[in-house]
Amino acid sequence: MSRIYNPSGGYRKLHTFNFATIIHHGTISFCKRYIPWKEDPLGKTLGQMIGASRSGKQNIIEGSERAKTSSETEIKLTDVAKASLSELQGDLEDYLIQKGSIPWSVKTKDFQSVMAIMLDEFEYTDDLLHDYWIFLLKQKKKFDPWLEDRDDITAANTLILLIQRATGLLGRQLSRLEASFVEQGGIKEKMYSARKEARNDPDAPNCPDCGEPMRQRSSAKGPFWGCSNFPRCKGIRQLQATGGMTG
C-alpha cells in the first residue's frame, strides 16, 4: 500500500456514479422523446440538458481517477458533478412549469415509490466492463416504469428525484473527502512526511497489521505509535516513556 498515493478508481461501486449514469441515459431518452431539436425554441435546451447530465457522470469518473495524485482535484470535480446535476434539475423544473405542471409532492404515491427503490451493490468480477453494464441496466430497469413507460411529466419528475438522491449522496461524499484531506493532507504533504520519516525516524517500528512504518502520534492518554496508512489501517503500538515500544 502506497504511503504517498491516494486510492483511486473504483467509481463503479459508488452509488453517486450509478445514479448519475442512470440520470444521463434517462435524460438522453427524455430529450429524444419530448424535446425534438427542431422544436427547441432556443436551439440549446436539448444540448445543455444532455451535456449537464454527462458532466455529472464524467466528472465523477475523472475525480475518482485523479484522486491518486490530487485530493484537491478530486474534491473540485466531485463538486462540479454535483453542480451539473443541479443545473439539469433546474431545466427539468422549467420543463414542468412550461407544461402547466409542478414537481410531485412528497406525499404522492409516485414520489414515495421512486424514493423507496434502492440500488444494489456492484461487486467486481474478472469481467468488469461486461458485468458492470449488466448490473447498471438492471438498476435502471427498476426506474423504467416511471422513466420510460409513462408520460413526459412522470419522466421529468422521476429524473428530478434521481438527481436529488444523487446530489444528496455527492454532498456526503464531499464531506468525507474533506475529512480525509484534513486528516491526511495532499500529496505534497504526504511526500514530505514520508521523506521526513525515512530520514529522521529510522527506529520507527512497523505496523503489526499491514507492515508499513509507523509514526508517533498523541492522544489524551499520551503518545503512541500509529500506522502511517491511517485511516486505511488503524494499527497501533504503545509508546513507552523511554521512547521504545511495547507489542
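Read the figures in this text as sums done on the coordinates, not as results from a lab. Just so we're clear, the structure is a prediction, and the values are computed from it rather than from any experiment. Glycine gets a Cβ as well: all are built from the backbone with ideal geometry, and neighbour counts include every protein chain shown.
Could you tell me which of rounded, prolate or oblate describes segment 25-125, using a ≥ b ≥ c as the square roots of the eigenvalues of the alpha-carbon gyration tensor, with rounded for a/c under 1.5 and, failing that, prolate when a/b is larger than b/c and oblate otherwise? It comes out oblate by the Cα gyration axes. Cross-link reach is defined here as a Cα-Cα straight distance under 17 Å, omitting same-chain residues fewer than 8 places apart; for LYS107 none of the aspartates and glutamates meet it.
For a straight C-alpha distance cut-off of 29 angstrom, the lysines reachable from LYS221 (same-chain residues fewer than eight places away being disregarded) are LYS190, LYS196, LYS234.
Each residue, ARG172 and LYS234, gets one label point 7 Å from its Cα in the Cβ direction; the gap between the two is 1.9 nm. Seen through its C-alpha gyration tensor, with square-root eigenvalues sorted a ≥ b ≥ c, segment 72-117 comes out oblate because a/c lies at 1.5 or above while a/b is not bigger than b/c.
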